[in-house]
Amino acid sequence: QVQLAESGGGLVQPGGSLRLSCAASTTIFSLSAMGWYRQAPGKQRELVATFTSGSRTNYAESVKGRFTISRDKFRNTAYLQMNNLKPKVSAVYYCYVEYRSRDYWGQGTQVTVSS
């Protein structure tokens, strides 16, 4: 079992920035994958950014250049830095990990970009 604790969502104006955090209850280097997905109302959950095996990163095309995923091995925490935010990225953002061939999800954190 892996527990995930997310934080950092909120309301921000267009052009602003937010940083999401996801703390895992196990060492992050034991995870096959770790990252972020999002789900907007009426839409399917979609990948935002992830670390995969070998520390490779994978980004959705729509966020490349504006979002950055990183991690801190001492805190077992992954971060999603989101810059130049636009209203269309408003959604619930979910932390995701794969551990021993099982998927685990955080509770989700709301990100709202609005003036």
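The values are calculated or read from the model by the stated rules, or taken from the named source; none is laboratory data. Note that the coordinates shown come from a computational prediction; the quantities given were computed from them, not determined experimentally. Heads up, the Cβs are rebuilt from the backbone with ideal geometry, glycines too, and the neighbour counts pull from every protein chain shown. Just the protein is used for accessible areas: all its heavy atoms, side chains included, with ligands, DNA and RNA removed. Shrake-Rupley method; radii C 1.70, N 1.55, O 1.52, S 1.80 Å.
Please say if the range 18-79 is rounded, prolate or oblate, where rounded means a/c under 1.5 for a ≥ b ≥ c the square roots of the C-alpha gyration tensor eigenvalues, and otherwise the choice is prolate for a/b larger than b/c and oblate otherwise? Verdict is prolate for the range 18-79.
If you average 1/r across every pair of different Cα atoms in the range 48-115 and take the reciprocal, what Kirkwood value do you get, in Å? Don't jump to the answer; show the numbers that get you there.
Numbers: mean 1/r = 0.0751 Å⁻¹.
Averaging 1/r across every pair of different Cα atoms and inverting gives 13.3 Å.
For the chain, modelled as a GNM with alpha-carbon contacts under 10 angstrom, which of Gly42, Gly15, Gly65 fluctuates the most? Result: Gly42 has the largest fluctuation of those listed. Taking trypsin sites (Lys or Arg not before Pro) as exposed when their DSSP state is a loop state and no more than 12 other Cβ atoms lie within 10 Å, the longest site-free interval of the chain runs over 1-42. In this Cβ point-charge picture (+1 for Lys and Arg, -1 for Asp and Glu), the chain has a dipole of about 160 debye about its Cα centre. By DSSP, the beta bridges lying fully in the chain are antiparallel in about 95 percent of cases.
Thinking of the chain as a set of Cα atoms, what percent of all their pairs are more than 19 Å apart?
39
Average accessible surface for the chain: 54 Å² per residue, computed with a 1.4 Å probe over protein heavy atoms with every protein chain in place. FRET efficiency for the Gln13 to Arg75 pair, using the beta carbon distance and R₀ = 41 Å, is estimated at 0.90. Please enumerate, by chain and number, the lysines with C-alpha under 19 Å from the C-alpha of Lys64, excluding those fewer than 8 residues away in the same chain. Once the sequence-local lysines are set aside, what remains near Lys64 is Lys86, Lys88.
Shown for the chain: the carbon plus sulfur share of the solvent-accessible area, taken with all protein chains present and a 1.4 angstrom probe, equals 44%.
Our coupling estimate for the range 106-114, obtained by passing each phi through the Karplus curve with A = 6.51, B = -1.76, C = 1.60 and θ = phi - 60°, is x, 7, x, 9, 7, 10, 10, 10, 7 Hz, Gly and Pro reported as x.
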